[in-house]
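Notes follow once the structure below has been shown.
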Amino acid sequence: MGSSEAHALPHDDVIPVIIVGAGPVGLLLALRLAQSNIRSIVLEQETTLGTAPRAIGYYGPVHNVFKEAGIYDQVAAEGMASGGYVWRTLPTEDGKGTKTLGSILGLNIMSRPDSDGQYNICSYSIQLAQCRLAEIMLEEATKTGLTEIIWGHRVTGLSQDEKGVTVTAVSGQGEARNFRSLYLAGCDGGKSNVRKLLGISLAGHSWPERFIATDVLRTASVVADPPVHFTVDPRYWAVVTPLEHVKPDTRGMWRYSMAVPAYEEADDGSRTVLTDKQVLEPSYVDSLLLRQLDGPRPSDHTVVRKSLYKMHQLLASTMHRGRCFLAGDAAHINNPIGGLGLCTGLLDADALHQTLEIVRRTIDPESVFSRYSAERRRVFQNIIHPFSSANKTRLHSADPKDTAREDWYFQALRRGDAKELEQIHAPLYDGWRTNMWDLLGASVKDA
């Protein structure tokens, strides 16, 4: 895909780009490549798109990427807009058989809608389940005729030379197939086979807590503004957000993502560490939910989906080796508080799309590839890792009232100085997205 012979556009039996993983990161990359008239195939080990509760919030420069991909309007229309975030205590009993939303500890108003009820692009967060976002991307990528999804094939081997990459994938029936491409993008998640086959290591740490994400149908008597809130509590911290347009007194889908306490303590003071199986028991999940749910008792909620996760802060030693690349969770993993994980992966896909476009115009692809890896790793190390770590520890490190009074970020929110808050949030608006064209100079554009 460059001007030299080794990177020339391939014959029909050689695919320009193989993408491993049909999650939102891989599908966005496939869509953007197709819009640049670059053909790809996507190898996915599952037989359908995943439906497990995962990421939900999209904001900042991700909106611009959606706009350029032609999906912003649909994502914004289907998702629930949130013009900010609230930090609260756990819900409290009102003495009449009803729990009310907890007291506000901190409030960050990002923006307000215009007179027509619409928010300006990039000024708010769109809440939409990751599985629905993937469906939208799959539909749009398929329409192009330049993206082929091959379901039920697990990548088990790869090799590369100066002219391309050979990938071996095995079907659910045990049949092995070889594919040949100019480039390979590993977008296959935290347990990435591509990363392991390339011998690329992850470095960082794992958090001690487990985290359970639940999709819950319920009737909320109150839908606050903003509708997204974080529960601050040493044991029962959580994130609560709608997954669709919700209204008061109308049944709708919500996401309750909750910390699993390290242990359960009996009346006699003895402590028990629950197994993953015990945590996923309906009765235990309900016990966590009932601490977070406001409204009358008994609650009318129904758990539709649930998933239990471990949390990590990990970064690959490189996001590029030869003609192979990593993006999304295959390259970096962070805790989910604040919605930084998938958004960063989507911005990786955006940067990788630019990279593969630039390579068509240069005879020095290695320098372009190295810059992609360096810039995206820098973003994780300098922005995403510290921001996401602070987002998490702020929820559980101290008594909620002490945190509200003493935490520097809550103090800044109380001061309400617009310039100060803009400076605090600037890295997520100015440095999160990577413009490869600007970094590599006008000489590439004019080549």
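Bear in mind these aren't lab numbers, they're just calculated from the coordinates by the rules spelled out. Computed from a predicted structure; not experimentally measured. Virtual Cβ from ideal backbone geometry, glycine too; neighbours counted across all protein chains shown.
Report the one residue of Thr144, Val240, Ser221 whose Cα lies farthest in the direction of the positive end of the charge dipole of the chain (charges on C-beta: Lys and Arg +1, Asp and Glu -1; origin at the Cα centre).
Val240
Relative to the first principal axis of the alpha-carbon coordinates of the chain, what is the inclination of helix 385-396, with its axis defined by its Cα atoms, in degrees from 0 to 90 and to the nearest 10?
With both axes taken from Cα atoms, the answer is about 20 degrees.
To the nearest 10 degrees, how steeply does helix 340-358 sit against the main Cα axis of the chain, on a 0 to 90 scale?
Between helix and principal axis, roughly 20 degrees.
Where in the chain is the longest stretch that carries no GluC sites (Glu not before Pro) classed as loop by DSSP and with at most 15 other Cβ atoms within 10 Å?
Maximal segment without exposed cleavage sites: 245-447.
Report, by chain and number, residues whose modeled amide H sits under 5 Å from the one on Met311, excluding near sequence neighbours (fewer than 5 apart, same chain).
Trp207
Helix 282-292 sits at what angle to the longest principal axis of the chain, using alpha carbons and giving 0 to 90 degrees rounded to 10?
Roughly 70 degrees, rounded to the nearest 10.
Given +1 on the Cβ of Lys and Arg, -1 on the Cβ of Asp and Glu, and no further charges, what dipole in debye does the chain carry about its Cα centre, rounded to the nearest 20?
Values: 47 positive and 52 negative charges, 90 e Å.
So the dipole magnitude of the chain works out to roughly 440 debye.
With loop defined by DSSP as not H, G, I, E or B, and exposure as at most 10 other Cβ atoms within 10 Å, which is the longest segment of the chain clear of exposed trypsin sites (Lys or Arg not before Pro)? The partial results should precede the final answer.
Values: sites that count: Lys96, Lys191.
Between exposed loop sites, the widest span is 192-447.
Compute, for the stretch 274-394, the length of the dipole vector about the Cα centre, with Cβ point charges of +1 (Lys, Arg) and -1 (Asp, Glu) only. Units Debye, rounded to 20.
Details: 16 positive and 12 negative charges, 47 e Å.
Roughly 220 debye, rounded to the nearest 20.
Report the longest stretch of the chain that contains none of the chymotrypsin sites (Phe, Trp or Tyr not before Pro) sitting in a DSSP loop with at most 15 other Cβ atoms within 10 Å. Intermediate values should be presented prior to the final figure.
Working: sites that count: Trp151, Tyr263.
Longest stretch, sites excluded: 264-447.
For the stretch 166-234, what is one quarter of the convex hull surface built on the Cα atoms, given in nm²? Write out the running numbers ahead of the final one.
Numbers: hull surface 41.1 nm².
The Cα convex hull of the stretch 166-234, projected and averaged over all directions, gives 10.3 nm².
Take Ile212, Ile337 and order them by how many other Cβ atoms sit within 10 Å, fewest up front. The partial results should precede the final answer.
Values: Ile212 22, Ile337 25.
Fewest to most other Cβ atoms nearby, the residues stand as Ile212, Ile337.
What's log10 of I(q)/I(0) for the stretch 190-323 at q = 0.17, 0.18, 0.20 Å⁻¹, Debye sum over Cα points only, no solvent?
Taking Cα atoms of the stretch 190-323 as identical point scatterers yields -0.96, -1.02, -1.15.
Can you give the charge dipole size of the stretch 309-364 about its Cα centre, rounded to the nearest 20 debye, using +1 on the beta carbon of Lys and Arg and -1 on the beta carbon of Asp and Glu?
160 debye
Tell me, how many Å apart are the Cα centres for the stretch 9-84 and for the stretch 397-420?
Value for the Cα centre distance between the two parts: 36 Å.
Okay, which of the stretch 310-332 sit inside 20 Å, backbone N to the point 7 Å along the Cα-Cβ direction of Thr166?
Answer for the stretch 310-332: 321-325.
Have a look at Thr100, Gln130, Phe380 and report the one farthest towards the positive end of the charge dipole of the chain, computed about the Cα centre with Cβ charges (Lys/Arg +1, Asp/Glu -1).
Working it through, the farthest residue towards the positive pole turns out to be Phe380.
Straight distance only, please: which lysines reach the Cα of Lys401 with their own Cα at less than 18 Å, same-chain residues fewer than 8 apart left out?
Those lysines meeting the cut-off are Lys392.
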